Amino acid sequence: MRRISPVLQQDGVDPDLISLLKTILAACREIAFRVSQGELAGVLGSTLAENVQGETQKKLDVIANELLKEVILETGVVKAISSEEEDTIVPGNPRGRFLVTFDPLDGSSNTDINSLIGTIFSILPADANKEADDASQFLQAGTAQLAAGYVLYGPSTMLALTTGKGTRLYTLDKTYGGFLLTEEHATIPKYTAEFAINMSNQRYWQPAMQRYIADLLQGKEGPRGKNYNMRWIAAMVGDVHRVLCRGGIFAYPRDMKDPTKPDKLRLMYEANPMSFLVEQAGGASSTGYERIMDIVPTDIHQRVAVILGSKHEVETCVGYHKTN
């Protein structure tokens, strides 16, 4: 089994980008250790603070955010970072060549029940003509991403990574502390009979999504002509990992549960990196109306609807939205 550096060198990836990725993964290994210790390390439970999203922060949210922020800015190659847990961007080296966005601990509400959580990250090119503290430099479409990935903290710690030449899966070998390549070409089957969605929000969805899910639930007797199974982990990183491993469709559609926040997932920290990984594995990703990676952000904390996974199923779901 091969380590990350030789694999990326084979692809002709920029040496500075490889070094940055290795630094991010070093922080993720430390996060994985903290997660594995759980209550023994006193890291479970919530703080008294809320993040910029208005969500109560878990202790591990804060720990993971600080670890990533510290090691990334120390590299010297990063001009600025943007985190889901930070109100604004954090400037780094004014001459840095890269920008890093991340969700330090996706699914952190799962920490207290020992369920799947993970770290999601994306790397963009820096704009030499903008100041390090200028947030507008992050407002790039997902197609500009140089690399994206997530680290899943589960029974084993796994990495999904793309630099635009396919999606690969790695597993953390704790005997020497590094990630080893375990899946050279992650490929999402075009067809599926599995979906992941939070059904408790069904009554708040747009009519198009309500019709689509209703047809799936009719099974063989319905218009889709086959039975579907539903899976829901309540952590995007876990649900997308399942899609990468065996196919399926994951959706967090627009809903009117809170009219001030019709979309749930963050474009820069969740939707874009996951879309990059899924598309590089042969899948598709959409809001229901447009390709996610074509969206040019207007704000670093912008939210979008997300529908991603097996290509035929995503295209079918998008078709329902076109006839809405």
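Results, tabulated for the structure shown:
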quantity	calculated
Residue pairs meeting the criteria (Cβ under 6 Å; at least 6 apart or on separate chains; first more than 20 Å from LEU25 (Cβ to Cβ), in region 180-191; second of a type in the set (D, E, K, R) and buried (at least 17 other Cβ atoms within 10 Å of the Cβ))	LYS190/LYS311
Qualifying residue in region 265-276 (condition: surrounded by fewer than 16 Cβ atoms within 10 Å (Cβ to Cβ) and at pLDDT 95 or above)	no
Helices (runs of 4 or more DSSP H) within region 219-324 that include 2 or more residues among the hydrophobic types (A, V, I, L, M, F, W, C) and under 12 Å from ALA196 (Cβ atoms)	236-246
Residue tally, condition crowded, with 18+ Cβ neighbours inside 10 Å and aliphatic (A, V, I, L, M), over region 185-204	4
Pairs with Cβ under 6 Å, 6+ apart, first in region 209-224 and on the phi < 0 side of the Ramachandran plot and surrounded by 14 or more Cβ atoms within 10 Å (Cβ to Cβ), second at pLDDT 95 or above and in a loop (DSSP other than H, G, I, E, B)	MET209/PRO253; ASP215/GLY222; ASP215/PRO223; ASP215/ARG224; LEU216/TYR228
The one condition in (1) touching a His at 6+ places or on another chain (Cβ under 7 Å); (2) buried (at least 22 other Cβ atoms within 10 Å of the Cβ) that TYR289 fails to fulfil	(2)
Residues within region 193-208 that are in contact with a strand residue (DSSP E or B) (Cβ under 6 Å, 6 or more places away or on another chain) and part of a loop (DSSP other than H, G, I, E, B), tallied	1
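Yes or no, residue by residue, for (1) more than 22 Å from LEU277 (Cβ to Cβ); (2) free of Cβ contacts under 8 Å to residues at least 60 places away in the same chain; (3) crowded, with 23+ Cβ neighbours inside 10 Å:
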site	(1), (2), (3)
LEU73	yes, yes, no
GLY76	yes, yes, no
SER83	no, no, yes
GLU86	yes, yes, no
ARG95	yes, yes, no
LEU116	no, no, no
GLN137	yes, yes, no
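The values are calculated or read from the model by the stated rules, or taken from the named source; none is laboratory data. Keep in mind that this is a model prediction, so the values were computed, not measured. In this analysis, Cβ positions are derived from the backbone assuming ideal geometry, glycine residues included, and neighbour counts consider all displayed protein chains.
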